[in-house]
Amino acid sequence: MRWKLLSLVLLAFLVLPTTVRAVDFSITDVQINAQLQPDGTVQVHERHTYDFDSEFNGIIREIKPKKGALIEEFTAYEKDKELKVEKKNYEYRAYRKGDSEVITVDLQYNIVHGMEKYEDGAQFYWPFFDQRNETDYGNMTITVVPPSTASDVLFLGYDSAEKTGKVKEDGSVVFAMGTVYSGENGDIRVVYEPSLFPDMNARDGEIRPVVMEEQQRLAMEKAHFLADQKRAATIGGVSVATGFLAVVLIGMFANGRRKRHSKEARYQIDSNGFYVPQSDMSMPALLLFRRGTATIELMSAALLDLVRKGHVKQLSDEEFELVDANVKLEHEKQLIQLLFYQVGEDKKFTLGQLKSYTKAKKNYESFNLKFTMWQKLLKEELDQYELHEKTTTERVVLSVIGLIGIGIVIYFLVYELYLHMFMAIMLTLVALAYALFYRAHNYFGTLLSQEWHQVEKWMKELDTKKWQSLSIDDRFRVLIYGVGVKHPELDSYYKAFADAQQQLKENRTNPNEHHSSYYEGTYHGGMVYNPVFLTGSFSQASSNVSANTPSDDSSSSSGGGTGGGGGGSGAF
C-alpha cells in the first residue's frame, strides 16, 4: 500500500561479527613503519591506540598478504610486555583484558616476498588495509623506510592514500592519511633504486615507466573528475533549484485553493449559527474522515452508533445486546458479526469478553481478518462521498520530480558533491512524500471538517443553552464524535447527556407530559452508560492485539587491496 513506506532496517548490527558488536571501542591513532631490507624482506612495526568504552579481551589485526607474499614472526607488545597471540587464517588476536581504558599495542611482523625488483627499481606495493576493514582509523600514518638513504624515489597512493605521500630527506615516504573510514581501500606504492636491494633477484623489464604512467593516468582521471564535478554541480544545481521551484509553486497553488475553500466554509458556518452537521454519512465513516485511520478504539464509537440507531441495547457499563441485526451498511454488518458472534455469544457482547478474546494469541488471526474487513468496508463508505480534490496532475508532476531527484542524488554521489546531494535528497523526499500523502479536501470536505471542528470547540465550552437547543439524537451523535476523537471533555459532556436521557425516559413514561420538539423525532436509541469505560476497554483490546502481532526478524566480504591482499582491525 502506498502509504506504508518500508522502514530502513539496520541489519548491519545483526550481521557484523560478534567481535565488533560485543565491544565498544574506537581506534584513535595508527602508526605503521615499514622498514625495507636489502633482501626484500619488510620489517613492519605497527602501533595501534585503542579507546575502549566497555570490557574487552584483546585486539584483532587481520592481515591478508597479497599473492605470493607471506607474513612471518607476528608478535604483539604493550609497553615491552609481550602479549599472547592466536592466529586463525589471516586473523591475529592479541590477548589483553581490560575495561573502559585507552591502550597502545605494538605489533611486529615480517613480510616475506612482499617486494619486486626490476631492472630500474625495486617496488614495495602493499595493502595494509582494504574494504574488509570494519573499523574507522582516527589518524593513520604509513611510513616506508629504504635500507639506506635513497635519492631517486617514486611513490603513489591509491584511494584513501591518494595525494597523501611526501618524501623525506633520507628517501623515506610518509603517507599521512588522517581519518580512514571503514570499508575503504588505501594501497601504497613506493619505488627505490635497485642498488639498495643487492640481495634480491631482478625481474626482466622496468617498473618506473609503469608507475609514472600510472601517476599520469591518475592525474588525468583526477583532472577529468574535477571538470565533470564542476559540470555536475552546475547542471545538477540548476535541476534541483528548478525542482524546488516546481514544488513550491504546486504548494502555493494548493494552499491558495485550501484557503479559498476554508473561507467559503467559514462563511457558511457563521451564517447558520449553532448546529450539529447533518449528513447521510455514518458516524464511524465521519470519524475515519476526521482521524485518517480506523483503529480498534474507533470501534467503540461505531458500537455506540448502533446503540443510537436502536440496533444494539446497552445493558450495563460493559454489556451489550443485539436487538436488531437489520442494518443498512456493510461495515455495520461486519462489526455485528465480529462483536456479537465471534467475540460474544447468544447476541450478547461484553467488554470482558473482548479483553479475554484479544489476549489469546490463537484468536489474533481471526480477529485481525474481521477487523481488516471492517476497516475496508468503512473506507468504501467514506470514498463514496468524494471529499477530496482530484490531484492526479500534481501527483504525477511531483512523482516525476521525485524520480528525477533520485537520479540526481546518485549523480552527485558519484562526483562527491555531498552538499548538493543533501539538497537533492531533501527535494526527493519532499516531492515523493507530497505525491504519496497529499490529499486536499475539496469544498465539501473542508466544510464538513470545519463543521465538526466547530462542534469540538463548542464541546470544550460546555455552553448549557446551546446543548439544550439540540435534539437528543444530535446530542448522541456529538457524544459518539467525542468518543471517536477522544475529546478531553467527554466525561463532563456525558453527564449532561445522561441528564437528557433521564428526562426523555420520564417524559415517555408520563402520557400527560407535553413532549417538546427537543425530545420528539426519530431517535431510537436506548440508555447509554459512561463511554469512558467503554473506550478504555477498546484501548486495552488494541494493546492486546498489538502484543499478539507477529514480528518479522530478518557475511562475507572480498578484499580490494592490491594482489588480493588487505585487512583491517577490531577487538574482542
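The numbers here are math on the coordinates, done by the rules we state, and not lab data. Note that the structure is predicted; figures quoted are calculated from it, not measured. Reconstructed Cβ throughout: ideal geometry from the backbone, glycine too, with neighbour counts over all protein chains shown.
Length gained on full extension, residue 278 to residue 152: 36.0 nm, using 0.36 nm per residue less the C-alpha separation.
Can you tally the net charge around residue 57? Count Lys and Arg as +1, Asp and Glu as -1, for every other residue whose Cβ sits under 10 Å from the Cβ of residue 57. Summing Lys/Arg as +1 and Asp/Glu as -1 gives +2.
DSSP beta bridges confined to the stretch 20-206 are antiparallel in about 90 percent of cases. For the stretch 20-206, a Kirkwood hydrodynamic radius built from all Cα pairs, placed in the Stokes-Einstein relation at 25 °C and 0.890 mPa s, yields a translational diffusion coefficient of 142 µm²/s.
Inter-part distance, the stretch 356-376 to the stretch 144-172, computed on C-alpha centroids, equals 71 Å. Shown here are the Rg and Dmax of the Cα trace of the stretch 358-430, at 21.4, 56 Å. As a proxy for reagent exposure, ranking 93, 260 by other Cβ atoms within 10 Å from fewest up yields 260, 93. Its residue count N fixes a reference of 2.2 N^0.38 Å for the stretch 72-119, and the Cα radius of gyration divided by that reference is 1.52. As a rough footprinting exposure proxy, the listed residues 274, 349 were ranked by other beta carbons within 10 Å of their own, and the order from fewest upward is 274, 349.
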